[in-house]
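Colleague: Got a structure for you, questions after.
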Protein chains: 2
Amino acid sequence: MLGTVLYGPGDIRCEEVEEPKILAPTDALVKLSASCICGSDLWPYRGLQPVIEPMHMGHEYCGVVVEVGSAVRTVKPGQFVVGSFCISDNTCPHCLFGFQSSCEQREFMSRAQAPYARVPLADGTLVATPDLPADDLIPSLLAASDVLGTGWYAADAARVQPGSTAVVVGDGAVGLMGVLAARHMGAERIVAMSRHKARQDLALEFGATDIVSERGTAGVARIRELTGGVGAESVLECVGTQESMEQAINCARPGGSIGFVGVPHGVQLDGQGLFFAQKSLLGGPAPVRRFLPHLMALVLERKINPGKVFDLTLPLADVAEGYRAMDGRRAIKTLPRV
Amino acid sequence: MLGTVLYGPGDIRCEEVEEPKILAPTDALVKLSASCICGSDLWPYRGLQPVIEPMHMGHEYCGVVVEVGSAVRTVKPGQFVVGSFCISDNTCPHCLFGFQSSCEQREFMSRAQAPYARVPLADGTLVATPDLPADDLIPSLLAASDVLGTGWYAADAARVQPGSTAVVVGDGAVGLMGVLAARHMGAERIVAMSRHKARQDLALEFGATDIVSERGTAGVARIRELTGGVGAESVLECVGTQESMEQAINCARPGGSIGFVGVPHGVQLDGQGLFFAQKSLLGGPAPVRRFLPHLMALVLERKINPGKVFDLTLPLADVAEGYRAMDGRRAIKTLPRV
């Protein structure tokens, strides 16, 4: 079958790879309905994360189960499933505490930019829909696997409350999902920090009430202005650079919370600065599995439409163009058909 | 009158200083019932914080109001009051959000190692008792001004819940108050990390269920062992060094919370490490004013006895010995009689 392999910065190839098969009794084999490219795939693509050996890409997935290992109990062939990008057993103490992304048996999914994928720990990782979903819901269900779940976690970690003010730093797909999540959690004012027209429009569609195009100090000043000099209760950090993290911290009010989901690259925090800022920080790879049943239900009931974040669809064979388009910010998020 | 002035590292003097007087209509003048030395006073005393000019020491205080400015409405001469070490108006957005230590008009109290003190923003800062309290309650009421309120905030920021496990890093007076707070908030298991017999004993008296004398990696390993390999829901960091902060973070479980109240000195946090650790951090100067009415009521009802943390009482004139005793860890906390 075809699969996506990253050989080095900028060198992404769609080539013949081995078909996956059941390796452990807890595995499931899934025929993927769609695949996608994640913002985090761009770190190694851009050379900001080392590529030590060829990387089989793709960690967001949904599709129909074709085979399960002998120990799998909760999903069966023929069912449509969505799984988290974090493989988890959903039974260990960390999973039961709602932090499946720190599961004692955690693995990160890979090789899902392909027509088939092997999902380890299927019982703990996959959630099945009651019936086969309508085709037009596939992009939204796929989004639940990571980008939506991650934006949702950012809002959850930033403790978005009904009636509160939330600021979203980062207008990538995760940031836009953060806007959607904050809206769904009842934030009254949602400020999207974005300087790109297409993303601003989508942010407004997902529920943003204000757009701030300034960044850094000017952006922080604008947030202060919008909040009567106070700052926001909740800030969703969806980038992962030193600048974006500082911007996020400075946009929050004292006692406010920052949920940070952009994987930090080169970020250093000064303890004393953080102390006197008096702001709460919680980040990490999103425990998507915690939110998955709820998010899938919202999609199936057509209460949210996160699939709109995909603005480029192309055949898997053209995946390199998908990476280029996201790298050049010509596309927000790419959906390669598998 | 006599007052305490720090001239440089190790050079603390009790000498004649100017008597305070009302300077602003919002001031109150308080005849102090007792004074005390704070662990944070030791940072400049030890030369770990620069002393640019002679520092008038003392920020924990309680006593009887002797005079108020013309705008003061909530306290009057003759009343016994306790105030936070953070001066606050208690009306600005940050105060109303419960973060009085980030008040728009914040000042840090000083000059309270003395018989009299001027308290700015008296209406927002001071809380009066219904009657004059019994003499034996004075140390506990004094504790509410900072050390108890700070330990309480550590437990609050670490989100201590009924039935949960809390670890306290640091066996100074604040750490011991953190133990007391965690107990009062219903933590089922409270681990005090301490290697000093007298402090261990007091920790047990305040409600610790376990003592861990190891530090650093060995201490973290011991906490893991005690929690079935999981880590603690809540960790109270009450020191402020790189080592203690790392110890605190590593003792928490994924999804757990660290409340840090030791003023960080030289602490740097790696963003990516914090991300993958997936632990919540909230610190800062404690918003004691938020907790003060509750803490004073608990003391007046004799439900808590935080005053036990004072294990050295001496005349103000001998304050230098109080600093030396705390610096040498011969005393946990010193109460100079004023």
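Every read-out reported here was derived from the displayed coordinates using simple, explicitly stated rules and does not represent laboratory data. Predicted, not measured: the structure shown is a model, and the values here were computed from it. Ideal geometry is used to build each Cβ from the backbone, glycine not excepted, and the neighbour counts take in all protein chains shown.
Colleague: Working from Cα positions, state the angle (0 to 90°, nearest 10) between the long axis of helix B:242-251 and the longest principal axis of chain B.
Modeller: Computed tilt is about 50 degrees.
Colleague: Kindly give Rg over Rh for chain B, based on alpha-carbon atoms, with the Kirkwood expression for the hydrodynamic radius.
Modeller: With Rg and the Kirkwood Rh in hand, the quotient comes to 0.97.
Colleague: Work out the P(r) tail for the protein assembly as shown: percent of alpha carbon pairs separated by more than 44 Å, whole number.
Modeller: Percentage above 44 Å: 30.
Colleague: Just to be sure I understand: with springs between alpha-carbon atoms less than 10 Å apart, which residue in A:Glu321, A:Glu104, A:Glu18 has the highest mean-square fluctuation in the Gaussian network model of chain A?
Modeller: Highest fluctuation among the options: A:Glu18.
Colleague: Quick check: the angle from helix A:147-157's long axis to the longest principal axis of chain A, C-alpha only, nearest 10 degrees?
Modeller: It is inclined by approximately 40 degrees.
Colleague: Projected onto the charge dipole of the range B:149-227 (+1 at Lys/Arg Cβ, -1 at Asp/Glu Cβ, origin at the Cα centre), which of B:Met177, B:Val212, B:Ile190 gives the Cα projection farthest towards the positive end?
Modeller: B:Val212
Colleague: Here's something else I'd like to know. At 7 Å along the Cα-to-beta-carbon direction for both B:Glu205 and B:Ile52, put a label point, then send me their distance in nm to one decimal.
Modeller: 4.1 nm
Colleague: Taking the Cα centre of the range B:149-283 as origin, work out the dipole magnitude from +1 charges on Lys and Arg Cβ and -1 charges on Asp and Glu Cβ, in debye rounded to 20.
Modeller: So the dipole magnitude of the range B:149-283 works out to roughly 100 debye.
Colleague: Tell me which lysines have Cα within less than 25 Å of A:Lys31's Cα, excluding those fewer than 8 residues away on the same chain?
Modeller: Within the straight-line cut-off, A:Lys31 pairs with A:Lys21, A:Lys76, A:Lys308, A:Lys333.
Colleague: When a footprinting reagent is the concern and you count Cβ atoms within 10 Å, what order do A:Val68, B:Val75 take, fewest first?
Modeller: Result, fewest neighbours first: B:Val75, A:Val68.
Colleague: Determine by what factor the alpha-carbon radius of gyration of the range B:149-283 differs from 2.2 N^0.38 Å, reporting the quotient.
Modeller: 0.90
Colleague: At 7 Å along Cα-to-Cβ for each site, give me the label-to-label distance between B:Glu301 and B:Thr91 in nm.
Modeller: 3.1 nm
Colleague: What is the Cα centroid distance between the range A:110-148 and the range A:255-318, reported in whole angstrom?
Modeller: 18 Å
Colleague: If you don't mind, there's one more thing I want to ask. Counting Lys and Arg as +1 and Asp and Glu as -1, what is the net charge of the other residues whose Cβ lies under 10 Å from the Cβ of B:Gly175?
Modeller: Result for the neighbourhood of B:Gly175: -1.
Colleague: Roughly what angle does helix A:288-300 make with the longest principal axis of chain A, taking Cα atoms, 0 to 90 degrees, to the nearest 10?
Modeller: Taking Cα atoms only, the helix is inclined about 80 degrees.
Colleague: What FRET efficiency, computed as 1/(1 + (r/R0)^6) with R0 = 35 Å and r the Cβ-Cβ distance, is obtained for A:Arg324 and A:Ser70, rounded to the nearest 0.05?
Modeller: Efficiency, from the Cβ-Cβ distance: 0.25.
Colleague: Where both partners of a DSSP beta bridge lie in chain A, what percent of those bridges are antiparallel, to the nearest 5?
Modeller: Looking only at bridges with both residues in chain A, the antiparallel portion is about 50 percent.
Colleague: Next question, about the same structure. Springs between alpha-carbon atoms under 10 Å, Gaussian network over chain B: tell me which of B:Ala218, B:Ala286, B:Ala28 tops the mean-square fluctuations.
Modeller: Ranking B:Ala218, B:Ala286, B:Ala28 by mean-square fluctuation puts B:Ala218 first.
Colleague: For every helix of n ≥ 4 consecutive DSSP H residues, a contribution of -39,500 (n - 2.57) applies; sum these over chain B, divide by its total residues, and give [θ] at 222 nm rounded to the nearest 500 deg cm²/dmol.
Modeller: That comes out to -8500 deg cm²/dmol.
Colleague: So the label point sits 7 Å from Cα along the Cα-to-Cβ vector; using that for A:Gly216, what distances do you get to the other copies, in nanometres, sorted shortest first?
Modeller: Distances between equivalent label points, in nm: 4.1.
Colleague: Let me ask something additional. B:Lys279's amide H: which non-local residues (gap 5+, or another chain) put their own amide H closer than 5 Å, with H modeled 1.01 Å from N in plane and none for Pro or chain starts?
Modeller: Those qualifying (amide H under 5 Å, at least 5 residues apart or on another chain) are A:Gly283, B:Gly255.
Colleague: Something else: Calculate the spin-label point distance for A:Ala24 paired with A:Glu214, positioning each point 7 Å from the Cα along the beta-carbon direction, and give it in nanometres.
Modeller: Placing both labels 7 Å beyond Cα along the Cβ direction yields 5.1 nm.
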